[in-house]
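First comes the structure, then the notes that go with it.
The values are calculated or read from the model by the stated rules, or taken from the named source; none is laboratory data. From a predicted model like this one, the values you see are computed outputs, not experimental measurements. Ideal geometry is used to build each Cβ from the backbone, glycine not excepted, and the neighbour counts take in all protein chains shown. Ligands, DNA and RNA are excluded from the accessible area calculation, which covers all protein heavy atoms including side chains. Shrake-Rupley method; radii C 1.70, N 1.55, O 1.52, S 1.80 Å.
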Amino acid sequence: MEKPAATDVPIHELLARRWSPRAFDERPVEADNIKRLFEAARWAPSSNNEQPWRFLVATKEHKAEWDRLFHCLKEGNQKWAHRAPVLILTVAKLTFDDDSPNRHAFHDVGLATENLLLQATALGLSAHPMAGFHIEKARTDFAIPAGFDPVAMIAVGYPGNAALLPDRLREREGQSRNREPLSEIVFARAWGIPLQ
Ligand SMILES: Cc1cc2nc3c(=O)[nH]c(=O)nc-3n(C[C@H](O)[C@H](O)[C@H](O)COP(=O)(O)O)c2cc1C
């Protein structure tokens, strides 16, 4: 299913096509394509080229590992993410090598994540980021060391059949995508004055 953004002005079609579907096909994602997702993430910009992103990934072919990630998800996300053949946990390295805090660590993990999501879109894959997961469970179950913080999880797979989703989620799958108007988010001359 496609749900391109109804943009006010034209943007790159890859950006317009990316969205966060909940319907996944159970067919596995090829190892080469999984690698391409992380290669895309790797080439994101970052403060001081620190590259503070780390990724934990599991595919359903390795069920025990996939289960471990799946059980970190909150129930609301488990309801649909159970069909996704690939799960990813993103993690931020919180300090620079001299131990000073990297204020932009989460920001840069977000940039890498968007690269991954766009590469997924380009490959015909669906990818859906999730904040709804148990952070401390992820930290413990994956022995994430001090100085690193779990950031988000991502479900990845080929697009699936929305009819298989529970009722409420099936409805949401069909709903239009909305954004605040540019006048609310882009200011010029002073705070709150929209760019003309
Ligand atoms: C950091 C982050 C956390 C999110 N957490 C969840 C989540 O836990 N569950 C969910 O269904 N969607 C989650 N989403 C998806 C957002 O709801 C979605 O991106 C937003 O509604 C805009 O829709 P679009 O991605 O289709 O444009 C998350 C997205 C981001 C970026």
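A few points about this structure:
- Loop-located trypsin sites (Lys or Arg not before Pro) across region 92-163 with a Cβ neighbour count of 15 or fewer within 10 Å are R103, with loop assigned by DSSP.
- In region 1-63, taking the dipole from charged Cβ atoms about the Cα centre, the farthest positive-side position among A31, A16, W43 is held by A31.
- The average projected area of the chain, computed from the convex hull of its Cα atoms over all directions, is 13.0 nm².
- Student exercise, region 130-173 dipole from Lys, Arg, Asp, Glu Cβ charges, in Debye to nearest 20: 40 debye
- R22 sits with roughly 40 Å² accessible to a 1.4 Å probe, with DNA, RNA and ligands left out of the calculation.
- For the options T121, T113, T95, a Gaussian network treatment of the chain with springs between C-alpha atoms closer than 10 Å singles out T95 as fluctuating the most.
- Within the accessible surface of region 15-75, defined with a 1.4 Å probe on protein heavy atoms only, the carbon and sulfur portion equals 49 percent.
- Pairwise centroid distance, computed over Cα atoms, of region 129-196 with region 29-87, Å: 14 Å
- Pairs beyond 25 Å (Cα-Cα), from K63/K93; K79/K137; K3/K137; K3/K93; K63/K137: K63/K93; K3/K137; K3/K93
- Sorted peptide list for 74-82, 166-174, 151-159, criterion being average Cβ within 10 angstrom, highest first: 151-159, 74-82, 166-174
- Principal axis dimensions, region 83-196 - Cα atoms, whole angstrom, descending: 51, 49, 27
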